[in-house]
């Protein structure tokens, strides 16, 4: 049985933040997860708060921390330190981020022709966040035949009134479909396949030059930016982005696509590399079967394996298993939510509310906020406020109660802040 | 299909119904090595949970078709088959299942779908031939000089390429001039312990389970690489274990991969006949082939639906050799007096090892050997996936999948590399021109190096444990 100073359960943003922080402090850390999740679905931005009318992520944290029971009340103060630290770790893997807690929250285009609120984004998306100067135009450009990015639909959507939420949008929005080399006959064209084509430097130069040619034949008559699907390379992203900036006559920025999300994959890969470089271990694929506890203390974490369980000896566990979609919370047909690993008490609405409230209700669905309630050091607590479960277990990420991350867009901030704090508390 | 049939199907076949858990999130497609390199395979999601809705009859086990589903000509009803044949391009590496956040048994589902697709058709001669590793070994070893000549002969290979569909450049290993079992019997005879090897020791002296392990050598170590089995024996004996080599047959994995489920079930039952009782007596069953041991651990139950007491006893007793040795080490019982092996060692953990869910034990063992600088190449799959990369229409895919790995190994400047699985070793050796060793060969060599540095006293090598050379390949 291998031995670790800490086992992190879950390989999303929260789990990997905690694991890298632990490995940074010299701890032997072992990440165990039953599969990949949030990073592979996410837009790759680090969303701290997206509430309407919030000027900066810092203001968003302050506002949410005052909401009753929000995890920012516990972890919000740590995001300021954790965020630049994490961006440094990721940048070392060749993935640069722009923005910080005081950057303005701006509205940037989506792949369905709406906008969403973002402040901290990968370098490749950052040009989409700048304010639009008078007269500046936008070209939405994608490869023809690619079903996850329709330039015409997006351009039409972005020209609609109100879509830029009160900020000035581009003076004009144009759509441009370009035929990319050798993709017409591909049956299985998704963002990931395009990204891998962009990893090939000769192919991508050809593709980018075709865009440049088509742009010049259009005689747009404006300066501005060009929105591209987020497929500018996976392994060789930094070079692909540099090529795009060099070859295209307009300033390019990426627009994230439906899953599999290439910006999310890049983030996952950079986080994984940072962990492995610090001697951390990662095992993805088997659900946690059990956490062994003796006299109230954790002794080992056991994952299912091909036959016998695979056990790691440890005294400390950080639970970052996610919410309902990540599998950290399991919805039972009896109308209750169950915590998947330790059967911790779940703060949750009564089952009568499950179907009584419209899931798309503007005020939010009560199930969104379900999760594990913790003390100030992220130890799980029960309804009476007393800590529950074994000692030395901490909760991080979207398993924490009180957040409505779909609406508040606070998931990444909570993940980073809580991952950082959980690791720090565990090291102490 | 009625609700009652669905419920019965769910009981018999959890794999097929796990498609219901699919979120359509595409994570599986991001880890698929085959979809990474070819448009012929649309990815595990599409041929798996997505296509599953067209395959209601895969809620039964392949090889157990309901006569009502089968036409007179032996083909199954079209509405119950895979929507197209693209699932045939799945290599079976198994990466999709562990990547899934919703526990969908994608790889298993696809393997069953392939088997069902082939039901009612006579298997292609090529697929049948490639899955008969036992039979080929029994013929090939006695005829090794001729067989090896044929295997390496360019004209012969071109003929096999055209007539059979076995790619002319694919690695076909040389047969050993003497099988491992025959060498082992000779050694046992010389030591007067023959009964031991013939029947697992049931009529002779047998050491207690605390001091002996059962070796499942598999076909490759028996017919092609006896030195791998002998390195394992040397390392196990060095750590105070006697090794029992009971009668055994091919684990059946090549048959499972080629859709011959009934034949694979026969192999499994024959293995249960000799292994299950030993497992119940408490012996660990240790193997050097990560694919054979994974078959014993999981595939008999998950693929072949042989989930009985014998299957469970064998599964729970089975260990990969490195898993077993690392477990010894973690208990403080591994002899760590390894000598220096000053070298860089690129290491590729094979797909089948990762399906074990046991981490990467070889890396921890390599770290115990002074001077050995083992580096995980951190690449998904070498491409060959058992017999997949040998096939004419798939060889180019296999080479493309493994290309970054081959480049990394060659770029490392190392003079050899390591990998736990035999078909991967042969494929990587062929592609890189370097010898690729099983981790246990390096451990045996490190013990031997230590013995030279410090004479081992009472330790005797007993004629085993010589670290052999890899065949030069075809």
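Name the single residue that is farthest from the other protein chains (Cβ to nearest Cβ) among those in the range A:198-231 being over 22 Å from residue A:132 (Cβ atoms) and surrounded by 22 or more Cβ atoms within 10 Å (Cβ to Cβ). Here the residue is A:208. The residues listed here are B:326, B:334; of these, the one that is more than 30 Å from residue B:259 (Cβ to Cβ) and within 9 Å of another protein chain (Cβ to nearest Cβ) is B:326.
Per this entry, residue B:383 is not counted among residues that are surrounded by 22 or more Cβ atoms within 10 Å (Cβ to Cβ), over 17 Å from residue B:288 (Cβ atoms) and free of Cβ contacts under 8 Å to residues at least 24 places away in the same chain. Out of the residues in the range B:297-316 that are surrounded by 18 or more Cβ atoms within 10 Å (Cβ to Cβ) and facing chain A (nearest Cβ under 8 Å), which is nearest to residue B:209 (Cα to Cα)? Among them, the one singled out is B:315. For residue A:94, the conditions (1) within 20 Å of residue A:233 (Cβ to Cβ); (2) in contact with a helix residue (DSSP H, G or I) (Cβ under 6 Å, 6 or more places away or on another chain); (3) buried (at least 22 other Cβ atoms within 10 Å of the Cβ) all hold with the exception of (3). Entry remark, the range A:46-66: residues being surrounded by fewer than 23 Cβ atoms within 10 Å (Cβ to Cβ) and either without any contact (Cβ under 8 Å) to a residue 12 or more places away in the chain or part of a helix (DSSP H, G or I) (or both) number 7 in total.
As for the range A:268-279, it holds no residue that is more than 11 Å from chain B (Cβ to nearest Cβ), at pLDDT 90 or above and touching a strand residue (DSSP E or B) at 6+ places or on another chain (Cβ under 6 Å). Test residue B:152 against the criterion of being out of contact with any strand residue (DSSP E or B) (no Cβ under 9 Å at 6 or more places or on another chain) and farther than 21 Å from residue B:423 by Cα, and give yes or no. Judged against the criteria, residue B:152 is not a match. Report yes if residue A:257 is out of contact with any strand residue (DSSP E or B) (no Cβ under 7 Å at 6 or more places or on another chain) and either surrounded by 23 or more Cβ atoms within 10 Å (Cβ to Cβ) or at negative phi (or both), otherwise no. Here the answer is no, as residue A:257 does not meet what is asked. Restricted to strands (runs of 3 or more DSSP E) entirely inside the range A:99-190, those with at least 2 residues that are surrounded by fewer than 21 Cβ atoms within 10 Å (Cβ to Cβ) are A:106-109, A:115-118, A:173-178. When B:40, B:17 are checked against the criterion of being away from chain A (no Cβ under 14 Å), touching a helix residue (DSSP H, G or I) at 6+ places or on another chain (Cβ under 6 Å), over 21 Å from residue A:33 (Cα atoms) and at pLDDT 60 or above, a single residue qualifies: B:17. Filtering the range A:1-45 to residues that are facing chain B (nearest Cβ under 9 Å), touching a strand residue (DSSP E or B) at 6+ places or on another chain (Cβ under 9 Å) and crowded, with 23+ Cβ neighbours inside 10 Å leaves A:30, A:33, A:34, A:35, A:36. Scanning the range B:141-152 for residues that are buried (at least 16 other Cβ atoms within 10 Å of the Cβ) and either in a loop (DSSP other than H, G, I, E, B) or on the phi > 0 side of the Ramachandran plot (or both) yields one hit, B:141. For the range B:118-140, a tally of residues being touching a strand residue (DSSP E or B) at 6+ places or on another chain (Cβ under 8 Å) and in a loop (DSSP other than H, G, I, E, B) returns 2.
One residue alone among B:160, B:115 is under 30 Å from residue B:31 (Cα atoms) and either in a helix (DSSP H, G or I) or more than 14 Å from chain A (Cβ to nearest Cβ) (or both), and that residue is B:115.
The values are calculated or read from the model by the stated rules, or taken from the named source; none is laboratory data. Everything numeric in this text was worked out from a predicted model, so none of it was measured. Neighbour counts are summed over all protein chains in view; Cβ atoms, including those assigned to glycine, are modelled from backbone coordinates with ideal geometry.
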